[in-house]
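Below is one structure, written out as structure tokens; comments come after it.
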Amino acid sequence: MNLVDINTLFGTEDKCRELLVRLRFPEGPRCLRCKAPAVELETEKQLFYCKDCDYQFSVTSGTVFNDSHLPLAKWFLTTHLLCEAKKGMSACQVQRTVGMSYKTMLDGKVEIDETYIGGKARRGLPRTEKQVVIGIRQRNGELRLIHVNEATSEAIRKVMAENISEDVEVLLTDESSIYPFAFTVDQKKLHKTICHSKEYVVGDVHTNTVESAFSLLKRGIVGTWHKVSAKHLPAYLEEMSFRFNRRKNPDLFLNTLRHMVTAPTLTFQKLTKEKAA
Ligand SMILES: [Zn+2]
């Protein structure tokens, strides 16, 4: 699907709602309050009604779409842009605009590793400085690539705080001394290291999955690094990890919409309460 298809298929509120109904209620509309089967009211606004508990709702009730003044058709276009944009289209900017900016935190078994990009003199081109990229990869899950100024414990600590859940089960790194200093007391208990000079894999303890992502990144950069300045590296990393994470998911657009219409809305009040608890 391209932008024109989206506009043709989902150019009106009704068409958008129809799809959201199918995504939210695949087995027919259910009351949001008591889960009993609901009926559709014959109104212009496409409302549903539950006889059991006398509750009236729409397909967007309790979702991120509900309190938005943005027409659904625009939400759909924005979502499509966010899902498809090869250059990241400043995904952060889109996320901020449409209000779904909370990145999920990585948990389970998480590998962390650092790599260096550039730094070689090329004929006729100015010498570039080596850029540090931190890779974080949840086993069987998402990859994130983050550009930092220096590979220091402080930088790692910041990246971890922004990307790794407190519920993480295992933290896997190599034996670099920057990691133990970056970890909190609790994180140190979860830390397992692999000694690269001796062997690569000891049972489950390895950082191979993040390293395979690094090698893809480097392959992508070979020959184009002179065009990828440090300034544009974050956008490049965003693009690369975006493609990497959706390589097995051609239905990202539908899945994203489904998530938006089924995930409970997170309000600021709820967020701050949960953090405080
Ligand atoms: Zn009900």
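The values are calculated or read from the model by the stated rules, or taken from the named source; none is laboratory data. Bear in mind that the values here come from a model prediction, so they are computed numbers and not experimental data. Every residue, glycine among them, receives a Cβ derived from its backbone with ideal geometry; neighbour counts consider all protein chains shown. Remember, those area values only see protein heavy atoms, side chains included, never the ligands or the DNA or RNA. Shrake-Rupley method; radii C 1.70, N 1.55, O 1.52, S 1.80 Å.
At q = 0.28, 0.31 Å⁻¹, what base-10 log of I(q)/I(0) does the Debye formula yield for the stretch 124-181 when every alpha carbon is treated as an equal point scatterer in vacuo?
The Debye formula, applied to the Cα set alone, gives -1.42, -1.55.
Measuring from label point to label point, each 7 Å out along Cα→Cβ, what is the E42 to N208 span in nm?
About 6.4 nm, to one decimal.
With r as the distance between the Cβ atoms of R247 and T184 and R0 = 30 Å, compute the FRET efficiency 1/(1 + (r/R0)^6) and round to 0.05.
Working: r = 33 Å, r/R0 = 1.09.
The pair T184/R247 has a calculated efficiency of 0.35.
By the scheme Lys and Arg +1, Asp and Glu -1, what is the net charge of all other residues having a beta-carbon under 14 Å from that of C34?
Details: positive: R30, R33, K35, K51; negative: D52, D54.
Here the charged neighbours net out to +2.
Could you work out how much longer the chain between V170 and Q56 gets when fully extended? Use 0.36 nm per residue separation minus the Cα distance between them, nm to one decimal.
Numbers: separation 114, 0.36 × 114 = 41.04 nm, distance 4.54 nm.
The span from V170 to Q56 would gain 36.5 nm if fully extended.
Can you tell me which of 177-188, 105-116 comes out highest on packing, and rank the rest after it, using the mean Cβ neighbours within 10 Å?
Values: 177-188: 14.6, 105-116: 19.8.
Ranked by mean Cβ neighbours within 10 Å, highest first: 105-116, 177-188.
How long is the gain from S229 to E154 if the chain were fully straight, where each residue apart is worth 0.36 nm and the alpha carbon distance is subtracted? Please report the intermediate quantities before stating the final value.
On the way: separation 75, 0.36 × 75 = 27.00 nm, distance 2.38 nm.
Computed gain between S229 and E154 is 24.6 nm.
What number comes out for accessible area per residue over the stretch 139-188 if the probe is 1.4 Å? Units Å², please. Don't skip to the end; give the middle numbers.
Values: 2770 Å² over 50 residues.
So the stretch 139-188 comes to 55 Å² accessible per residue, rounded to a whole number.
Suppose R0 equals 45 Å; then what is the FRET efficiency for K15 and C195 from their Cβ-Cβ distance, rounded to the nearest 0.05?
Details: r = 58 Å, r/R0 = 1.28.
Calculated transfer efficiency: 0.20.
Sort 204-217, 130-143, 6-19 by packing, meaning the average of other beta carbons within 10 Å per residue, with the highest value first. It would help to have the intermediate numbers written out before the result.
Numbers: 204-217: 17.4, 130-143: 19.1, 6-19: 15.9.
Highest-to-lowest ranking by the protection proxy: 130-143, 204-217, 6-19.
Using the beta-carbon distance between S177 and E142 and R0 = 22 Å, what value does 1/(1 + (r/R0)^6) give for FRET efficiency, to the nearest 0.05?
On the way: r = 27 Å, r/R0 = 1.22.
So the FRET efficiency works out to roughly 0.25.
Each residue of the stretch 163-177 in order: what ³J(HN,Hα) in whole Hz does its phi give by Karplus 6.51 cos²θ - 1.76 cosθ + 1.60, θ = phi - 60°, with x for Gly and Pro?
Karplus values, whole Hz, x for Gly and Pro: 10, 10, 5, 5, 8, 4, 8, 9, 10, 10, 9, 7, 8, 3, 6.
How much net charge surrounds D52 when only the other residues with a Cβ under 12 Å from the Cβ of D52 are counted, with Lys and Arg +1 and Asp and Glu -1?
+3
Would you mind checking the pairs K130/K218; K130/K188; K109/K192 and listing those with alpha carbons more than 18 angstrom apart?
Values: K130/K218 13 Å; K130/K188 29 Å; K109/K192 10 Å.
As for pairs spanning more than 18 Å Cα to Cα, those are K130/K188.
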